[in-house]
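To start, the structure under review is shown below, and the notes come after it.
The values are calculated or read from the model by the stated rules, or taken from the named source; none is laboratory data. Fair warning: this is a prediction, and the values are worked out from it, not measured in the lab. Positions of Cβ are generated from backbone atoms using ideal geometry, with glycine treated the same way; all protein chains shown enter the neighbour counts.
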Amino acid sequence: MPARTQQHAAYRPLSGNAAPPRPRVVVLSVSFFMASSIALILANKAVLLDTNIPITFLFIQLVVSVALLHVGHALSWFSIPKWDATTARKTVLLAGVNVVGLIANTYTLHLGDASFYQIARGLVLPLTVGMSWFLLTPPSAPVLLTCVVITAGYALGTTLDPHGTAHIPFTAILFGVFSSVTTAAHVIVIKTTQAALASTDTITLVYYNNVLSAAAFPVFMLLSGELSTCWAYFTSDAKGQEATGAVDGSNGPWKFAVGCFITGVLGFLLNIASFFQIKITSPVTHAVSAAARGVVQTALAVWVFNEALTSTRAWSITIITAGSCLYTIAKHRESKGVEKDVDAEDAVGFAERGVPLRDKDTV
């Protein structure tokens, strides 16, 4: 997923002699990020409602992303690297974790409600802090307290919601936990990959990550049985038509193809939007926008997909969101007046978007 690499700043407000961005620029950046993120989640869910081949769906998205990388290179928006076997070998682990994480994310959304997605992946931040504690540096007491708040919100939404326990498959919760684990692990793998490729810029890692991930997906398609389903689809078999969302055998192929293209483009735009927001906003601004995004995303999911929003689920989302905001405030206060490296939530944001951290960034 492409973006300009020369201007990437660590995820912190502008300081020093740099002029602060105009309010209108900040508003446009945050709005672009929120719109791209919400549109991608809802578009993914819309396609996944009518298809039983989520891994194939992901594979096509990655192919679209790689194609757009080459389009951006052709238009001189950025430069993609020439293929190098040594660099590819050193980024294999990064791509592997990315593939597993993408599959877990997609199955979480595929098996559960779109309004439940935020709850299912609610353990991302606590797990990232925990892994950072074990592998890097211990967090402060306020940070640990915010993780307790987030975990409590997660427990409320996954175990005490009567509607959720009755209508959300347990596998969706398991994939949500696995998704949170892989996202947290992705943060650590990004760091080790950067250490191995100290002189490599961000766009190189993004390019190799996407290409290697796309190359790995046919293996998972074969293991999951989707390869045979796709073959049945392309040979006009009824099983294949049903798997790709055909209605009366007519609009399934077009619906699936258009859905794959739109979500691939939205993923590409989300990555660009992420870099804009990282460049010109502060962590607190990001936390507020993320909270607003979660609320709007849930409301739209309830409206568009006619999903149920119980009071328990609403309280769960509120607690998780509040805990994430409190975490950001705690980290902001700790680093106030002192230039700090990227913290756990920043690293999570990069990892979820497949964006490698810079050489001096840490968790």
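Looking across segment 131-144, the residues that are at pLDDT 85 or above and either of a type in the set (Val, Ile, Thr) or assigned to a helix (DSSP H, G or I) (or both) come down to ALA141, PRO142, VAL143, LEU144. Among residues of segment 72-87 that are touching a residue at least 12 places away in the same chain (Cβ under 8 Å), those with a Cβ under 7 angstrom from a residue that is surrounded by 14 or more Cβ atoms within 10 Å (Cβ to Cβ) and of a type in the set (Phe, Trp, Tyr), sequence gap 6+ or separate chain, pair up as GLY72/PHE78; ILE80/TYR207; PRO81/TYR207; THR87/TYR208. Within the bounds of segment 166-178, is there any residue that is outside any helix (DSSP H, G or I) and more than 25 Å from VAL66 (Cα to Cα)? For segment 166-178, residues outside any helix (DSSP H, G or I) and more than 25 Å from VAL66 (Cα to Cα): present.
May I ask you to verify whether LYS279 is basic (Lys, Arg), exposed (fewer than 15 other Cβ atoms within 10 Å of the Cβ) and at pLDDT below 70?
Values: basic (Lys, Arg): yes; exposed (fewer than 15 other Cβ atoms within 10 Å of the Cβ): no; at pLDDT below 70: yes.
Taking the combined requirement at face value, the residue does not satisfy it.
Could you tell me whether any residue of segment 146-155 is over 13 Å from ILE320 (Cβ atoms) and either out of contact with any strand residue (DSSP E or B) (no Cβ under 9 Å at 6 or more places or on another chain) or small (Gly, Ala, Ser) (or both)? Checking segment 146-155: not a single residue is over 13 Å from ILE320 (Cβ atoms) and either out of contact with any strand residue (DSSP E or B) (no Cβ under 9 Å at 6 or more places or on another chain) or small (Gly, Ala, Ser) (or both). Taking the listed residues GLY153, GLY122, the one that is in contact with a helix residue (DSSP H, G or I) (Cβ under 8 Å, 6 or more places away or on another chain), closer than 25 Å to THR312 by Cβ and not in a helix (DSSP H, G or I) is GLY122, with no other qualifying. If you filter segment 24-56 down to residues that are surrounded by 15 or more Cβ atoms within 10 Å (Cβ to Cβ) and among the charged types (D, E, K, R), you find that the one that is modelled with the lowest pLDDT is ASP50. Evaluate segment 11-23: report whether one residue or more is at pLDDT below 90, part of a helix (DSSP H, G or I), surrounded by fewer than 16 Cβ atoms within 10 Å (Cβ to Cβ) and out of contact with any His (no Cβ under 9 Å at 6 or more places or on another chain). Checked against the condition, which is being at pLDDT below 90, part of a helix (DSSP H, G or I), surrounded by fewer than 16 Cβ atoms within 10 Å (Cβ to Cβ) and out of contact with any His (no Cβ under 9 Å at 6 or more places or on another chain), segment 11-23 yields at least one hit.
Going through LEU94, LEU111 one at a time, which residue ends up being over 23 Å from GLU226 (Cα atoms) and crowded, with 19+ Cβ neighbours inside 10 Å? The conditions single out LEU94.
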